[in-house]
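Asker: Take this structure, written in structure tokens, and hold onto it; I'll ask about it next.
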Amino acid sequence: MIYRQVMRTPSLRKLTASLTGVVLVLAGCGAQEKPPPSAAGPCAIVENGSPAPKTSEATGSQPEVATGYRKDMTAVHTARYAVATANPLATQEACEVLKHGGTAADALVAAQAVLGLVEPQSSGIGGGGFLLYYDAAAKSVQAYDGRETAPAAADENYLRWISNTDRTEPKPDARGSGRSIGVPGILRLLMDVHQQHGKTPWRDLFAPAVTLADDGFDISPRLASAIADAASKLKVDPQAAAYFLNPDGSPKTADTKLTNPAYSKTLGVIAADPNSFYTGDIAKAIVAAAADTSGGRTPSLMTTEDLAGYAAKLREPICMPYRGKEVCGMPPPSSGGIAVASTLGVLDHFPMNEHKPTDMDLNGGKPSVMGVHLISEAERLAYADRDKYVADTDFVPLPGGTPNTLLNSAYLAQRAALISEQRSMGTAKPGEFGAPPSTPVPVPEHGTSQISVVDSQGNAAALTTTVESQFGSFHMVDGFILNNQLTDFSAEPAGPDGVPVPNRVQGGKRPRSTMAPTLIFEKSGTGRGPLFATLGSPGGAVIIQFVVKTVVGMIDWGMDPQQAVGMVDFGAANSPKTNVGGEHPNIDTTDNGDHDPLVAGLRKLGHQVDLADQSSGLSAIIRGSQGWTGGADPRREGLVMGDPR
């Protein structure tokens with residue numbers, strides 16, 4: 001059977017109509033149409049669930065506008081390969097690459113090229129990312145760091161004031177100025193992974209995005225909401241205004257057809273010579289756009305030398321045992337891998353299988369009070385260490401010079417002993433390792449997009465890719481958005497105690513991230529067994545929470561990946577606030593949640609429950625007895641595709 005998983009929107013119905021010869025499974029009715037004898041191609045998706053009408057505006061804690069919840073989605077079952085992205089058009093093109101024998105590395109390139117066009121508010125070639133890649137033949141995991149870097153001329157006050165002689169804040173603010181723009185890294189990352197693991201010719205991987213940019217695509221509801229929310233900021237940049245706004249300055253709306261000939265031309269150049277992005281005319285255009293002072297914006301200090309000198313880095317992944325499996329994540333400058341591993345290492349001391357959600361349904365059931373409590377407490381401990389100690393290790397070493405100091409079993413057992421089942425700790429203290437660094441200065445973080453893929457050779461990838469906040473810095477050049485990734489640095493170089501903050505700005509440094517692409521393996525004796533899952537999520541500083549609840553859902557609670565990613569988003573950073581996603585149909589938000597058993601139970605334990613909508617964009621693909629099973633987050637537009645069983 002071939003499955004489809006599509007939202008009921010006009011633009012996606014057009015995609016559906018173009019994929020002829022597939023079985024369509026309608027939500028809730030079980031009726032199906034038999035494919036005609038000429039049915040072509042195994043790339044398929046499952047339709048199940050429709051967008052909820054509920055929407056909300058973006059807030060300071062949300063990376064993008066929320067777009068509701070597609071209720072009652074079902075997992076997608078494939079035979080040899082599967083891919084999930086945050087947009088159906090990107091998923092389709094990546095799936096076609098896999099269908100024709102391409103590798104997971106090939107699929108990543110094709111997917112990112114399309115995402116930069118159809119989901120420019122989240123990711124694109126003007127941004128960066130982190131990738132975990134599994135080479136099935138070598139049984140090895142590689143961690144690719146494509147994080148943006150600060151210009152060489154940036155100093156620790158780069159985000160604080162314009163210069164040492166003009167100590168006024170960058171205009172219109174740090175994010176909207178050129179000061180937020182880091183040297184883009186995602187394309188160099190993709191070049192490196194394709195060179196090592198690609199099979200499909202580089203040039204061919206850009207053809208679908210080029211065609212789509214030339215022929216046009218319909219603005220999706222999510223993109224339309226993002227444009228409306230950011231219209232006043234997009235208006236400042238001439239290229240962004242001309243592309244996203246109507247001549248009268250109003251935002252373009254859903255189902256408006258967009259063409260992007262500038263992006264098509266850029267991709268054509270990159271397809272022929274990818275190094276031109278870093279050393280050619282595109283590099284010069286990036287520097288000029290970052291230095292543009294339209295609307296009184298403070299310019300960047302980025303140079304063409306910064307771009308020419310950029311290198312993605314191959315780092316050692318962080319791998320930890322959990323419940324008889326091996327969980328691998330990203331090392332610094334991302335804090336995601338360490339924080340996820342720390343949380344799971346603490347939870348390993350508790351019988352999490354005894355705290356499963358109740359009333360299990362297609363949406364992940366109703367999380368138990370104790371399950372959410374224990375996970376949130378473990379996360380508080382992990383965030384405390386993450387906040388204080390994790391930064392770009394090329395500039396600031398971890399305690400003891402190794403992740404093991406924060407992740408060894410004896411230390412995590414001590415951390416687990418700090419958790420009470422009767423009361424929330426509210427705010428956790430970090431561990432002490434000799435002379436501690438400065439008290440951290442809070443940094444708002446935002447998010448991104450996720451690509452999860454497994455190919456027919458057994459290779460797998462988890463790529464979290466981003467331009468940082470919604471539409472990045474609002475600067476647009478040659479058809480793509482430039483990031484605002486440097487706002488992930490601490491603008492204040494020192495804490496209240498005067499000690500330098502590890503995550504302060506320094507020339508050439510990479511800002512700390514929370515991105516947490518994750519690969520999970522079975523254990524085989526003392527070694528690594530077969531791949532079990534690939535997953536990850538956007539979501540800024542709460543990515544850690546999204547990934548942890550999904551891992552626990554699949555491993556401890558026996559959920560399929562669709563239930564695990566669709567389950568209520570919950571968790572905590574290091575504050576008394578505990579998040580419980582109010583957008584979920586299994587949470588009763590009336591009267592501030594007073595009638596919801598989970599909310600009431602958490603409050604009795606001292607949690608300050610926040611019911612704001614969560615905007616995760618999780619995807620997960622796991623191995624089954626007959627192939628692969630995938631799930632896409634109901635809170636965004638993503639879907640899973642692959643070949644039929």
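Asker: Please indicate, with yes or no, whether at least one residue in segment 601-611 is crowded, with 24+ Cβ neighbours inside 10 Å and not β-branched (Val, Ile, Thr).
Answerer: Taking every residue of segment 601-611 in turn, at least one turns out to be crowded, with 24+ Cβ neighbours inside 10 Å and not β-branched (Val, Ile, Thr).
Asker: Across segment 128-185, which residue is most open to solvent (accessible area, probe 1.4 Å) among those that are among the hydroxyl-bearing types (Ser, Thr, Tyr) and under 25 Å from Thr304 (Cβ atoms)?
Answerer: Among those that are among the hydroxyl-bearing types (Ser, Thr, Tyr) and under 25 Å from Thr304 (Cβ atoms), it is Ser163.
Asker: Among Asp204, Asp229, Asp248, Asp218, which is of a type in the set (D, E, K, R) and either open to solvent by less than 30 Å² (accessible area, probe 1.4 Å) or in contact with a helix residue (DSSP H, G or I) (Cβ under 6 Å, 6 or more places away or on another chain) (or both)?
Answerer: Asp218 is the lone residue from the list that is of a type in the set (D, E, K, R) and either open to solvent by less than 30 Å² (accessible area, probe 1.4 Å) or in contact with a helix residue (DSSP H, G or I) (Cβ under 6 Å, 6 or more places away or on another chain) (or both).
Yes or no, residue by residue, for (1) more than 22 Å from Pro317 (Cβ to Cβ); (2) among the hydrophobic types (A, V, I, L, M, F, W, C); (3) open to solvent by 10 Å² or more (accessible area, probe 1.4 Å); (4) touching a residue at least 40 places away in the same chain (Cβ under 8 Å):
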{"position": "Ser537", "(1), (2), (3), (4)": "no, no, no, yes"}
{"position": "Val548", "(1), (2), (3), (4)": "no, yes, no, yes"}
{"position": "Gly566", "(1), (2), (3), (4)": "yes, no, no, yes"}
{"position": "Ala572", "(1), (2), (3), (4)": "yes, yes, no, yes"}
{"position": "Asn592", "(1), (2), (3), (4)": "yes, no, yes, no"}
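Asker: Can you find a residue in segment 618-628 that is among the aliphatic types (A, V, I, L, M) and open to solvent by 10 Å² or more (accessible area, probe 1.4 Å)?
Answerer: yes
Asker: Here are the criteria: (1) buried (at least 24 other Cβ atoms within 10 Å of the Cβ); (2) in contact with a Phe, Trp or Tyr (Cβ under 9 Å, 6 or more places away or on another chain); (3) at pLDDT below 50. Tell me which single one Leu89 does not satisfy.
Answerer: (3)
Asker: When segment 337-362 is examined, which residues are found to be crowded, with 23+ Cβ neighbours inside 10 Å and not hydrophobic (A, V, I, L, M, F, W, C)?
Answerer: Gly337, Ser342, Thr343, Gly345, listed by residue number.
Asker: Only one residue in Tyr322, Tyr310 is at pLDDT 95 or above, open to solvent by less than 20 Å² (accessible area, probe 1.4 Å), more than 30 Å from Ser409 (Cβ to Cβ) and within 26 Å of the chain's Cα centre (by Cα). Which one?
Answerer: Tyr310
Asker: Specify the residue that is farthest from Val327 (Cα to Cα); the eligible residues are those in segment 584-635 that are out of contact with any Asp or Glu (no Cβ under 7 Å at 6 or more places or on another chain) and of a type in the set (D, E, K, R).
Answerer: Asp591
Asker: Could you please find all residues in segment 292-307 being open to solvent by 30 Å² or more (accessible area, probe 1.4 Å) and touching a Gly at 6+ places or on another chain (Cβ under 6 Å)?
Answerer: Scanning segment 292-307 gives a single hit, Pro299.
Asker: Residue pairs, Cβ under 6 Å, 6 or more apart or interchain, first in segment 143-155 and touching a residue at least 60 places away in the same chain (Cβ under 8 Å), second surrounded by fewer than 24 Cβ atoms within 10 Å (Cβ to Cβ) and part of a strand (DSSP E or B). List them.
Answerer: Listed pairs, sorted by first residue: Ala143/Arg315; Asp145/Lys313; Asp145/Arg315.
Asker: Looking at segment 319-355, which of its residues are of a type in the set (S, T, N, Q) and either in contact with a His (Cβ under 6 Å, 6 or more places away or on another chain) or assigned to a loop (DSSP other than H, G, I, E, B) (or both)?
Answerer: Residue satisfying the conditions is Ser335 alone.
The values are calculated or read from the model by the stated rules, or taken from the named source; none is laboratory data. Here the structure is a predicted model, which is why all the values come from computation and not from measurement. Neighbour counts run over all protein chains shown; Cβ positions are idealised from the backbone, glycine included. Side chains are part of the model used for accessible areas, which takes the heavy atoms of the whole protein and leaves out ligands, DNA and RNA. Shrake-Rupley method; radii C 1.70, N 1.55, O 1.52, S 1.80 Å.
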